[in-house]
Amino acid sequence: MFWATACAMPPTPTIDRHTAMTEKNLLTVKNLKTLFVMDEGTSTAVDGVSFTVDQGQVVGIVGESGCGKSVTIKSILRIIQKPGQVVGGEILFRQAGGKNGADGEVIDLAKLDGRGKEMRAIRGNQITLIPQEPMAALSPVHTIGNQLIEAVRLHMDVSKVQAAEIAIKRMAEVGMPNPEERMELYSWELSGGLRQRVMIAMALLCNPRLLIADEPTTAIDVTTQAQVLSLLRDLQENHDLAIIFITHDLGVIAQVADDVVVMYLGRVMESGPVDDIFHNPLHPYTKALLASIPSVHGTTRGPLPAIEGAIPHPFNRPTGCPFHPRCASHIPGTCDRRTPVLVAKNDRQSVSCFLQNDAAEED
Amino acid sequence: MLYYIVKRLLILPFLLFVFSVIAFLLIQAPPGDFVTSYVAELAASGSSMDQIQIEALRQLYGLDQPVYVQYFKWITRLLQGDLGISLDFQKPIADLIGQRLLLTVILGLATFFFTFAIALPIGIISATRQYSFFDYFFTVFNYIGVATPTFMTALILMWLAFTELGITITGLFSPEYADQPWSFGRVVDLGKHIWLPMVILGLDGTARLARILRANLLDELNKPYMEMARAKGLSEWRLVLKYPVRLAINPLVSSLGWYLPLIFSGSLIVATVLNLPTIGPLLLRSLIGQDMFLAGAIVLSYFGLAVIGTLISDILLAWLDPRIRMEEASK
Ligand SMILES: Nc1ncnc2c1ncn2[C@@H]1O[C@H](COP(=O)(O)OP(=O)(O)OP(=O)(O)O)[C@@H](O)[C@H]1O
Ligand SMILES: [Mg+2]
């Protein structure tokens, strides 16, 4: 019953002419582009990323460190700070707020002011974040309770006491022992696993439609990782929550995700349902990533078959396909000259590779 | 928290003991004893003292006894509120410094609040608008503030006020209130005069604190909790004031430990230049005139103010930062 409590809705301008977005799509990101313009050069951290998250679906984003996963989701949340800037693309989000729990209108988050009222009313309310560094994401001089209550009262018109009740309920729900007492504590008085639960509780406070988890399990030990993953899966099933789950661990993706988006140097290489991606990878990069997973059943204990070559520096991205310098099967004269675009290969998988189709960016 | 404060209070007597020894050694430093100097001073001014009175004084100060007995006699009288007699002024020291000590504390606190009131917004704006016009402007302002000796600022402002406005800005009171007992009119008069010494004394500290705050804040602004606070939907100003500023202020508060004593004692030259009725100019005069009991009493009151300043900063810090409270409690 508790989940029925809806957060206060902001008045938002409607952009409903995007007929491409179907009823079941919650978030559609199209050609998102985010730059960091610095004296040393311009880093194209996100270079035309497109993907879709359906209602109640878990989408995993994978890729090596520095490929732009965090920048992508920070762009969606519109919390990119200078010298970064979202310079192009659309972030279509289907809001809550329709009558009788029906969906509200679709809004393009890319057109909003990142610091403005409308965006802030969505952020932390309908779209929430479990940050990459849960250890440092809480203020050390404010109590857990203080920070949870703040998060509730930003979006719900309730008293401090009511907000505290909501926070305690959520903490209990995410498996926090003695939540009342924990409200009085500071983050550094909790273990890593419990801190992570505080972050999850905080992300769920206002009953969001979309939860973004940025590598929520990398900073904690393996046992706690497993608990956090199963907790997220339960929450997702029980509350019909959509989750974007970021990781560079394909094993984790296999456990939690419905769909996978494979990123490399700020671009999407391949996307599709998790089974297809794992059993029928189309892009050489996806294949290389899969090959680098240590096999549990493997008899030899040799070194991991890491992908050959280093990730290029973001200031001097290769021309053509960003992966071609490391790609064993690249086509000379094509892959190093033209940039492939993401196109649907079949009704499930999309891929950005000249080995699969010939679609290229015009320039 | 209570435990923490009690612990701080318990070391106070020890600190004061150490400082009183230092002050006493200072009194003992010049050659010859106090009574001989006193008699010589009297002789120079034409009056004299008979042998019995001189003996009584020697007895009082224990001059024929070992140094530790002399210290003991001095500290006992001190604790009873008897600071001794000033050689130079021929007056009880307590009467001489009482009023001046009060004005020193008032001026010190006024300077302190002025400093923070100005340094906080400058530091916050410079950090949140890094490399903006404001930031560059205040950077230059801060360098000037730190680099110009305070007495120089005082001289320049005095000169400007005199040549441009035709007024002399010295002292803390108008002549008609200078030697009057406290009254409402005198407080108002103090308010009219205190701002200039306050600004002059505070400029240097303002520049320093603003720079420290800017640097601390720039560190804090990149911390992951900022991103989390933004992701909650908090507005930029509210989140800056609630989280990073709160954290960046802690090092400032711990700097109070040295800053407060510095305001109290650092005013010596400025107070002399501006002819302020604080204890600074009196210390200078007593040292020049080898009026050692007066000098000792003033140095001891500086120590006292320093100890109180540190105590206030410690308590404030523990109140602001739960990590410090916890650390102390776990010891
Ligand atoms: N604040 C910033 N200033 C400049 N460049 C940045 C900044 N943040 C990110 N970038 C650039 O964006 C690129 C992508 O960074 P991002 O944090 O999104 O990587 P990631 O995929 O999340 O990696 P990881 O797995 O290590 O978290 C980086 O290579 C970096 O060059
Ligand atoms: Mg990241």
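The values are calculated or read from the model by the stated rules, or taken from the named source; none is laboratory data. Owing to the predicted nature of the structure, the values given are computational and were not obtained by experimental measurement. Don't worry about glycine lacking a Cβ; one is built from the backbone with ideal geometry, like all the others, and counts go over all protein chains shown. We work out accessible area using only protein heavy atoms, side chains counted, and drop any ligands, DNA or RNA first. Shrake-Rupley method; radii C 1.70, N 1.55, O 1.52, S 1.80 Å.
Within the shell of other residues whose beta carbon sits under 12 angstrom from the beta carbon of B:Q90, the net charge comes to -3, with Lys and Arg scored +1 and Asp and Glu -1. For a quick check, take a GNM of chain B with Cα springs below 10 Å and name the residue from B:Q28, B:Q53, B:Q290 with the largest mean-square fluctuation. Highest fluctuation of the listed residues: B:Q53. For the peptide B:219-227, the mean number of other protein chain Cβ atoms found within 10 angstrom of a residue's Cβ is 5.
Please compare each pair in A:K24/B:K223; A:K117/B:K223; A:K74/A:K287; B:K192/B:K242 to a cut-off of 32 Å on the Cα-Cα distance and tell me which ones are over it.
Violating the 32 Å Cα-Cα cut-off are A:K24/B:K223; B:K192/B:K242.
If you take all other residues with their beta carbon under 14 Å from the beta carbon of B:Y136, and give Lys and Arg +1 and Asp and Glu -1, the sum is +2. In this structure, B:F17 and B:D82 have a Cβ-Cβ separation that, at R0 = 22 Å, corresponds to a calculated FRET efficiency of about 0.75.
When both bridge partners sit in chain A, DSSP labels roughly 65% of those beta bridges antiparallel. Each of B:Y38, B:L256, A:A359 was scored by the projection of its Cα onto the charge dipole of the protein assembly as shown, and the greatest displacement toward the positive side belongs to A:A359; charges sit on the C-beta of Lys, Arg, Asp and Glu. Its Kirkwood hydrodynamic radius, worked out from the mean inverse distance over all distinct Cα pairs, puts chain B at 23.0 Å.
Considering region B:258-303, its Cα convex hull presents a mean projected area of 3.0 nm². Think of chain A as a dipole: +1 on every Lys or Arg Cβ, -1 on every Asp or Glu Cβ, centred on the Cα centre; then among A:T42, A:S191, A:V161, A:T42 lies furthest on the positive end. Peptides A:279-292, A:202-215 ordered by packing proxy, namely the average of other Cβ atoms within 10 Å per residue, highest first: A:202-215, A:279-292.
Hey, what D do you get for the protein assembly as shown in µm²/s if you plug the Kirkwood alpha-carbon radius into Stokes-Einstein at 37 °C and 0.692 mPa s? Answer from the Stokes-Einstein relation: 106 µm²/s. If only the Cβ of Lys and Arg carry +1 and only the Cβ of Asp and Glu carry -1, the dipole of region A:138-205 around its Cα centre is close to 160 debye. Here the protein assembly as shown is treated with +1 on each Lys and Arg Cβ and -1 on each Asp and Glu Cβ, and its dipole about the Cα centre works out to around 340 debye.
Solvent-accessible area per residue in region A:138-205 equals 36 Å², computed with a 1.4 angstrom probe and all protein chains kept.
Carbon and sulfur atoms: what percent of the 1.4 Å accessible area of the protein assembly as shown do they account for? For the protein assembly as shown, the apolar C and S fraction of the accessible surface comes to 60 percent. Note on region A:138-205: Cα Rg divided by 2.2 N^0.38 Å, N the number of residues, gives 0.97. Scanning chain A for GluC sites (Glu not before Pro) lying in DSSP loops with no more than 13 further Cβ atoms inside 10 Å, the longest uninterrupted stretch between such sites is A:41-183. The charge dipole of chain A, taken about its Cα centre with unit charges on the Cβ of Lys, Arg, Asp and Glu (plus for the first two, minus for the last two), comes to roughly 400 debye. Taking all protein chains as they are arranged and a probe of 1.4 Å, the heavy atoms of A:R115 leave approximately 130 Å² accessible to solvent. Just checking the listed ones, B:T139, B:T104, B:T148: in the Gaussian network model of chain B with Cα springs under 10 Å, the one fluctuating most is B:T148. Across q = 0.06, 0.07, 0.14, 0.15 Å⁻¹, chain A modelled as identical point scatterers on its alpha-carbon atoms has Debye log10 I(q)/I(0) values of -0.23, -0.32, -1.23, -1.38, in the order of the q list. Just counting partner chain Cβ atoms within 10 Å, what average do the residues of peptide A:130-139 show around their Cβ? Across the residues of A:130-139, the mean count of other-chain Cβ atoms within 10 Å is 5. Summing +1 for each Lys or Arg and -1 for each Asp or Glu among the other residues whose beta-carbon sits under 13 angstrom from that of A:G89 gives +2. Based on the reciprocal of the average 1/r between different C-alpha atoms, the Kirkwood radius for region B:100-282 equals 18.0 Å.
Output the antiparallel fraction of DSSP beta bridges having both residues in the protein assembly as shown, as a percent to the nearest 5. The antiparallel fraction comes to roughly 65 percent. Projecting the Cα atoms of B:L9, B:F72, B:Q90 onto the charge dipole of region B:1-141 (Cβ charges, centred on the Cα centre) puts B:L9 farthest toward the positive pole.
For B:K91, a cut-off of 13 angstrom between C-alpha atoms picks up these aspartates and glutamates, skipping any fewer than 8 places away in its own chain: B:D82, B:D291.
Cut-off under 23 Å on the C-alpha distance; same-chain residues fewer than 8 positions from B:K7 excluded. Which lysines are left, in chain and number order? The reachable lysines, counting only those whose Cα sits under 23 Å from B:K7, are B:K331.
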